[in-house]
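*Asks:* What follows is a structure written as structure tokens; I'll ask about it next.
The values are calculated or read from the model by the stated rules, or taken from the named source; none is laboratory data. All values derive from a computational prediction rather than experimental measurement. Methodologically, a virtual Cβ is constructed for each residue, glycine included, from the backbone with ideal geometry; neighbour enumeration extends over all protein chains shown. Ligands, DNA and RNA are stripped out before the accessible areas are found, and what is left, the full protein with its side chains, is counted by its heavy atoms. Shrake-Rupley method; radii C 1.70, N 1.55, O 1.52, S 1.80 Å.
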Amino acid sequence: DAKTTQPPSMDCAEGRAANLPCNHSTISGNEYVYWYRQIHSQGPQYIIHGLKNNETNEMASLIITEDRKSSTLILPHATLRDTAVYYCIVRVVGSSGGSNYKLTFGKGTLLTVNP
Amino acid sequence: EAQVTQNPRYLITVTGKKLTVTCSQNMNHEYMSWYRQDPGLGLRQIYYSMNVEVTDKGDVPEGYKVSRKEKRNFPLILESPSPNQTSLYFCASRTLAGVPYEQYFGPGTRLTVT
């Protein structure tokens, strides 16, 4: 799996957009980018995923650069409840074998949304 | 409501006293998994199951057992707990079809072994 690099922490003002970067310069063509978050000591929560194109859902937007070596998760209007550790995960999809379904979480980015 | 439940949420026990942490999901997911989370080490997979009666070791299986007799349940068994198994445990599940890697996690079980 491609390794990811994220800043250890970021701050954001409530109501503003939070832009969380992730570098995955060794990503290969069949690897997807996934984002999960973990609010303090709760179970991780899936946010969004993408391959090449930008993606948007009710929670966030995912912007992937054209060379796919980095991506940005955007929370358009951050709230206090968005304070969490955000994990960027790169993984092959569709590979067989149970061990390939394992999620490998790095250290992530602690996003603190301030009032 | 689609969910993964775990019980108990908190448990304090003593070394050597067998315990079971239950995990149940109501989404008819084939795949279930257990992770432990420790400060500085992140989440590490303990065991996983691809379906009923199909289980396999993850990255840190020593000291743990699992079983998958029913599709919805995947209990984690510590037959002789030790202090180094003090951790925060998460159960997760996903379908083997549909949205890739959308795993659903339970709320966690905080285990302390003294």
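*Asks:* Give the cysteines in chain A for which no other Cys Cβ lies under 4.7 Å away, or write none if there are none.
*Replies:* A:Cys12
*Asks:* Taking Cα centroids, how far is segment B:1-19 from segment A:1-37 in Å?
*Replies:* Going from one Cα centre to the other spans 32 Å.
*Asks:* Could you do me a favour and compute the accessible area per residue for segment A:27-92, 1.4 Å probe, result in Å²?
*Replies:* 47
*Asks:* Please list, or write none, the lysines whose alpha carbon is within less than 18 Å of the alpha carbon of A:Lys107, excluding same-chain residues fewer than 8 places away.
*Replies:* Once the sequence-local lysines are set aside, what remains near A:Lys107 is A:Lys3.
*Asks:* Another question, then. Evaluate chain A: find the radius of gyration of its Cα atoms, find its Kirkwood radius, and give the ratio Rg to Rh.
*Replies:* Taking Rh as the inverse mean 1/r over Cα pairs, Rg/Rh reads 0.96.
*Asks:* Taking beta carbons within 10 Å but only from partner chains, what does the mean come to for residues B:52-59?
*Replies:* Mean inter-chain Cβ contacts per residue within 10 Å come to 2.
*Asks:* Enter the mean number of other protein chain beta carbons within 10 Å of the beta carbon of each residue in A:41-54, as an integer.
*Replies:* Shielding by partners across A:41-54 averages 4.
*Asks:* Using a probe of 1.4 angstrom, how much of the accessible area of the protein assembly as shown is carbon and sulfur, in percent?
*Replies:* Answer for the protein assembly as shown: carbon and sulfur cover 50 percent of the accessible area.
*Asks:* Further question on the same structure: For chain A, what is the relative contact order in percent, using Cα pairs closer than 8 Å and at least 6 residues apart in sequence?
*Replies:* The normalised contact order for chain A reaches 36 percent.
*Asks:* Straight distance only, please: which aspartates and glutamates reach the Cα of A:Lys52 with their own Cα at less than 15 Å, same-chain residues fewer than 8 apart left out?
*Replies:* Reachable aspartates and glutamates: A:Glu31, A:Glu66, A:Asp67.
*Asks:* Still on this structure, please answer the following. In peptide B:27-39, how many Cβ atoms from other protein chains are near each Cβ within 10 Å, on average?
*Replies:* That average works out to 1.
*Asks:* Sticking with this one: How many lysine pairs in chain B, separated by 8 or more positions in sequence or lying on different chains, have Cα atoms less than 17 Å apart?
*Replies:* Within chain B, the lysine pair count is 4.
*Asks:* Same structure, new question: Under 15 Å from a point 7 Å along the Cα-to-Cβ line of A:Asn19: which residues of segment A:32-46 have their amide N that close?
*Replies:* Backbone N within reach: none found.
*Asks:* How many Å² of accessible surface get buried when B and A come together, counting both sides, probe radius 1.4 Å, rounded to the nearest 100?
*Replies:* 1800
*Asks:* Which far-off residues, 5 or more places away or on another chain, put their amide H under 5 Å from the one on A:Glu14, with H placed in the peptide plane?
*Replies:* Those lying under 5 Å, H to H, from A:Glu14 are A:Asn114.
*Asks:* Further question: Can you work out the Karplus-derived ³J(HN,Hα) for every residue in segment B:16-33? Use 6.51 cos²θ - 1.76 cosθ + 1.60 with θ = phi - 60°, whole Hz, and x for glycine or proline.
*Replies:* x, 8, 3, 9, 10, 9, 8, 9, 9, 10, 10, 10, 6, 6, 7, 9, 9, 8
*Asks:* Now for a different question. May I ask you to derive the relative contact order of chain B, considering only C-alpha pairs under 8 Å and at least 6 residues apart, and to give it as an integer percent?
*Replies:* Computed value for chain B: 36 percent relative contact order.
*Asks:* So for A:Glu31, B:Glu1, A:Glu55, what's the accessible-area order with a 1.4 Å probe, most first?
*Replies:* The ranking, largest first, comes out as B:Glu1, A:Glu55, A:Glu31.
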